[in-house]
1. Which of the residues that make up the range 286-314 are among the small types (G, A, S) and surrounded by fewer than 24 Cβ atoms within 10 Å (Cβ to Cβ)?
2. R230 passes all but one of (1) touching a Leu at 6+ places or on another chain (Cβ under 9 Å); (2) surrounded by fewer than 18 Cβ atoms within 10 Å (Cβ to Cβ); (3) assigned to a helix (DSSP H, G or I); (4) not assigned by TED's automatic domain parsing to the domain that holds T322; which number fails?
3. Test S216 against the criterion of being part of a loop (DSSP other than H, G, I, E, B) and either touching a residue at least 60 places away in the same chain (Cβ under 8 Å) or surrounded by fewer than 24 Cβ atoms within 10 Å (Cβ to Cβ) (or both), and give yes or no.
4. From (1) surrounded by 24 or more Cβ atoms within 10 Å (Cβ to Cβ); (2) out of contact with any Asp or Glu (no Cβ under 9 Å at 6 or more places or on another chain); (3) under 27 Å from V321 (Cα atoms), pick out the condition that doesn't hold for I143.
5. Could you figure out which of (1) touching a strand residue (DSSP E or B) at 6+ places or on another chain (Cβ under 9 Å); (2) surrounded by fewer than 21 Cβ atoms within 10 Å (Cβ to Cβ) isn't true of S86?
6. Among the candidates L310, L324, L300, which residue alone is under 17 Å from G212 (Cα atoms) and of a type in the set (A, V, I, L, M)?
7. Can you spot a residue in the range 307-318 that is within 26 Å of V159 (Cα to Cα), aliphatic (A, V, I, L, M), at pLDDT 95 or above and touching a Gly at 6+ places or on another chain (Cβ under 8 Å)?
Amino acid sequence: MAGMDSLQTPLCGQVGIEHPVVQAPVGSVSTPDLAAAVAEAGGLGMLAMSWRDANAIREAYTAATNATDGVVGVNVVLDESTGVLSPSECLNACLDAGASVVSFSFGDAAPYIDRVHEAGGTAMVTVGSAAEAQAAVDAGADIIVAQGREAGGHVQSDVTTMALLPRVADAVPVPVVAAGGLGDGRGLAAALTLGADGGWFGTRFVATEESGAHASYRERIVDASETATRLTDLFDRGWPDQPHRVLETDEVRQQRGAASDAVDDDNDPERVARMPDGEPISRLADMPPLAGMSGDVEALPHYAGQSAGLTQDVRPAGEVVTRLVSDARAALADASAAME
């Protein structure tokens, strides 16, 4: 754990960042502007790359890294049932673009880690158990991300972060990043005391000025309470059979208990929204509300974790990083003083 006067941890030295704050690769909401803003503030900015083709991967990574001297990483989803490219093709495009930090999630990273190392990069692997963490380290993972069930978006754990994190930290000798349920500096401080070397923040960075989220999506997160989310498999068109946590919107309440396969996506006449380029989005699609969308964006999945209740406003991502760090320092100092 970092000393009370500093938040420098082994994670920081491993990837070359100033603060142990990682912006989660929040799917289609992750933008080069968001990743660059987090990196410029001293955290690790991340881009979700599985929903981009090779040219878009190169363009997004170049745009982000051209805007900052900080570190920008990429995420590759290993579930073959989703994504534009195969995981192997996506990884190749990321490495060709120059990515030096690659995180893997939702699958076995073992076949891919050596390629990251051969390119001189750092491999992060998201896990949902101590056994998965040990297997990832045995395969060469440099950093483990322990994702708890409280997390927003797609979830790969059945265990809460507080129970999972110390188990993972005890199981592996590499830096561990806590994910799920962290929404402010107190959460980061708690993660550090439980053995983490950093915090992974998703929902908080959706509600920032640089994210790709629709304005109404950001506002819903700000207005949400800690009880406002549901873990469901409702929005499975595009990523079948993968549980995800979303805000409980009217759509979620209306569809609860209904079989999502009752609607044939290919022939569904109801297209509830459109992308900025006019591409239609069908009901129950795996697509959150994005800036520039039109139509009934309220019917789309508002991915968010149980930390949504801690998000009080929409602000620049760099300010979020600074506040997370200062509040974590204060929380650690208060805890230390309370023990004296």
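The values are calculated or read from the model by the stated rules, or taken from the named source; none is laboratory data. Nothing here was measured: the structure is a model prediction, and the numbers come from that model. Neighbour counts run over all protein chains shown; Cβ positions are idealised from the backbone, glycine included.
1. Going residue by residue through the range 286-314, those that are among the small types (G, A, S) are 291-292, 294-295, 299, 304-305, 307-309.
Of everything in the range 286-314, those that are among the small types (G, A, S) and surrounded by fewer than 24 Cβ atoms within 10 Å (Cβ to Cβ) turn out to be A291, G292, S294, G295, A299, G309.
2. Failing condition for R230: (3).
3. Values: part of a loop (DSSP other than H, G, I, E, B): no; either touching a residue at least 60 places away in the same chain (Cβ under 8 Å) or surrounded by fewer than 24 Cβ atoms within 10 Å (Cβ to Cβ) (or both): yes.
No: the conditions fail for S216.
4. Checking I143 against (1) surrounded by 24 or more Cβ atoms within 10 Å (Cβ to Cβ); (2) out of contact with any Asp or Glu (no Cβ under 9 Å at 6 or more places or on another chain); (3) under 27 Å from V321 (Cα atoms), the one that fails is (2).
5. (1)
6. Working: L310 fails: under 17 Å from G212 (Cα atoms); L324 fails: under 17 Å from G212 (Cα atoms).
The unique qualifying residue is L300.
7. Kept after step one, since they are within 26 Å of V159 (Cα to Cα), are these residues of the range 307-318: 307-311.
Of the ones still in play, those that are also aliphatic (A, V, I, L, M) are 308, 310.
With at pLDDT 95 or above added as a condition, the list becomes 308, 310.
Checking which are touching a Gly at 6+ places or on another chain (Cβ under 8 Å) leaves us with 308, 310.
The answer is yes, given that some residue of the range 307-318 is within 26 Å of V159 (Cα to Cα), aliphatic (A, V, I, L, M), at pLDDT 95 or above and touching a Gly at 6+ places or on another chain (Cβ under 8 Å).
This table checks each residue for (1) closer than 27 Å to D79 by Cα; (2) modelled with pLDDT under 95.
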{"site": "G198", "(1), (2)": "yes, no"}
{"site": "F201", "(1), (2)": "yes, no"}
{"site": "T208", "(1), (2)": "no, no"}
{"site": "R230", "(1), (2)": "yes, no"}
{"site": "D241", "(1), (2)": "yes, yes"}
{"site": "V246", "(1), (2)": "yes, no"}
{"site": "Q255", "(1), (2)": "yes, yes"}
